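Chemist: Got a structure here, written out as structure tokens. Questions coming.
Derivation of every value follows stated rules applied to the coordinates shown; laboratory data play no part. Here the structure is a predicted model, which is why all the values come from computation and not from measurement. Positions of Cβ are generated from backbone atoms using ideal geometry, with glycine treated the same way; all protein chains shown enter the neighbour counts.
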Amino acid sequence: MSLRWKIALAMAAIAVVSTVAIGAVSYRSTRQQLLSEVDRSLLDVESVFRQGQFGRDPLPERGPLSGLDARIVDSSGSVLESTFPVDFPVDAAAAATLGRRAATTIDTVDTDDGAYRVRTVGFARGAIQFGRSLAETERVLDGLRVRIVLWSLLVGGLAAALGWWISSAATKPLRRLTEAAEQVEATGRLDVEVGPDDRTDEAGRLTAAFRGMLAALARSKDEQRRLVQDAGHELRTPLTSLRTNLDVLDRYPDLSDDDRREIVRDLRAEVDELTDLVDEVVTVATGESSDEPAVELRLDQLVADVAERYGRRTGRTIELSSRPTTVTAQRSAVQRAVSCLLDNATKFDPSDEAISVTVAEATVTVADRGPGIASSDLPYVFERFYRADVDRTRPGSGLGLSIVDAIARRHGGRAFADRRVGGGAEVGFRLGPWPPPQTADSHPPLTSV
């Protein structure tokens, strides 16, 4: 059963139950009122009887009985005189009043001619019973019961129609979302229409969230596609070089030892480049979902350790300027970002000049004295696989700075790049508070600082 039917039937049931409850109260009140009027008329006749205004005429000729019936019963319960159209026995309550002057009772008696409301008044030699047919009262109550049933059905039908209309309007966004989800499942496309975004209620927020989820999935899918395409493009160059060197070794078995050693060195260099490329692709593809816990650490000490190890490994001089800085971050991720910055500086500044590293206020800046970054390239330096035209011949995949940017954003911060005064470049990142705030756009446009 659909949600619309459930809501419609629920509203119909509530309306019917409410109408029946109101009708039952109304029916009971009307019945009590009608019986009270009958009892009042019988009490008036009793008052006349007690005042001795009945006289000694036969019952049918006594004026005060107009519209009523009466009968006289002796102390043994035998009917002496009656204007009732049918006979009925004296019940136990009425029998208790026989011969007792002050005793009275009132009750509803069922006869072959229908129900009667009977009031019994005792006197010295028996009792007199005054009665009034309830036929008119029953007709009124029967009509009221029919009206209650009809009103219940009418109100239930209107409530069901209203519930169907309301539920149709309320579930329209849900039906659109269902159709959109089914279309995504059937076609695999994420550019489906999920309805207007002008609603501000829960359904509108759900639609907006669903639209945002599809947009995020589309961005992720597009990034994956671009990553695979770019990685495939970047792999062609080292693979081509490997194939060329292998072909040379195969075609020229009489190469000199020096030539052979040079080719082997080239092969090792290409393998190292491929290894670095694969590592960076894996880092980019999985880095944003790292499960590494964040810990409180001294950023200045972490950078100093990374710089010391890097200097020993490469032989480059690292000049470190830092102030004590405590942050909450993922240790290995930040180490990876610092290493990428140092690799980038070494790549663009192959001289023996010292590389400057500055740490202050959760910010790490690495400065080199290379050719610097052209103003036209600044907005793109953190894009995956991006390399300026003048850098095409340099080693590297173009993924290092994108890794830095991804790590910085994962920590609620951002990466930055600018031209260094006096030549060279300044590239770094700033860490934000942990946990980082959740933003709708996880990839805002990059600007230099």
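Chemist: Just grab the label-to-label distance for R145 and R28, each label 7 Å out from Cα along the Cβ direction, in nm (one decimal).
Modeler: Here the answer is 1.7 nm between the modelled labels.
Chemist: Most exposed first by the Cβ proxy, i.e. fewest other Cβ within 10 Å, how do S75, S376 rank?
Modeler: S376, S75
Chemist: In what order do F123, F382 fall by count of nearby beta-carbon atoms within 10 Å, going from fewest to most?
Modeler: F123, F382
Chemist: Based on the Cβ-Cβ distance from A135 to K6, what FRET efficiency comes out when R0 is 41 Å, to the nearest 0.05?
Modeler: According to the calculation, E is roughly 0.35.
Chemist: Report, in order of residue number, the helices in the chain meeting two criteria: a C-alpha extent of 27 Å or more along the helix axis, and a mean Kyte-Doolittle hydropathy of at least -1.0; treat each whole DSSP H run as one helix.
Modeler: Qualifying helices, which must be both long enough and hydrophobic enough, are 3-50, 135-187, 202-251, 257-286.
Chemist: On the principal axes of its Cα set, how long, how wide and how thick is the stretch 117-233? Give whole Å, largest value first.
Modeler: Principal extents (largest minus smallest coordinate, Cα): 125, 26, 23 Å.
Chemist: What is the local net charge at V109, summed over the other residues whose Cβ is closer than 10 Å to its Cβ (Lys, Arg +1; Asp, Glu -1)?
Modeler: -2
Chemist: Given the Cα-Cα distance of L35 and D74 and 0.36 nm per residue of separation, how much length would full extension add, in nm?
Modeler: 11.3 nm
Chemist: Just to be sure I understand the curve: with the Debye formula and one point per C-alpha of the stretch 291-430, what is log10 I(q)/I(0) at q = 0.10, 0.16 Å⁻¹?
Modeler: The calculated log intensity ratios at q = 0.10, 0.16 Å⁻¹ are -0.30, -0.79.
Chemist: Can you put T104, T137 in order, fewest other beta carbons within 10 Å first?
Modeler: T104, T137
Chemist: Could you give the C-alpha radius of gyration of the stretch 101-150 expressed as a fraction of 2.2 N^0.38 Å, taking N as the number of residues it contains?
Modeler: After normalising by residue count via 2.2 N^0.38 Å, the value is 1.56.
Chemist: If I model a spin label as a point 7 Å beyond the Cα along the Cα-Cβ vector, how far apart are those points for S332 and K172 in nm?
Modeler: 5.3 nm
Chemist: Using a ≥ b ≥ c from the Cα gyration tensor of the chain (square roots of the eigenvalues), is it rounded, prolate or oblate, where a/c under 1.5 gives rounded and otherwise the larger of a/b and b/c decides, a/b for prolate?
Modeler: prolate
Chemist: Tell me whether the stretch 310-390 comes out rounded, prolate or oblate; compute the Cα gyration tensor, take square roots of the eigenvalues as a ≥ b ≥ c, and use a/c under 1.5 as the rounded threshold.
Modeler: Because a/c hits 1.5 or more and a/b fails to exceed b/c, the stretch 310-390 counts as oblate.
Chemist: Here's a follow-up. In nm, to one decimal, how far is the modelled label at A208 from the one at A186, with both set 7 Å along Cα→Cβ?
Modeler: Taking the two extended label points, one gets 3.0 nm.
Chemist: Counting only helical runs of four or more DSSP H residues, what would the 222 nm mean residue ellipticity of the chain come to if each run contributes -39,500 (n - 2.57) and the total is spread over all its residues?
Modeler: -18500 deg cm²/dmol
Chemist: Still on this model: Pop the C-beta distance of T317 and E361 into the FRET formula with R0 = 22 Å and round what comes out to the nearest 0.05.
Modeler: Efficiency, rounded to the nearest 0.05: 0.30.
Chemist: Let me ask you something else. Can you give me the orientation-averaged projected area of the convex hull built on the Cα atoms of the stretch 3-140, in nm²?
Modeler: For the stretch 3-140, averaging the hull's shadow over all directions gives 10.4 nm².
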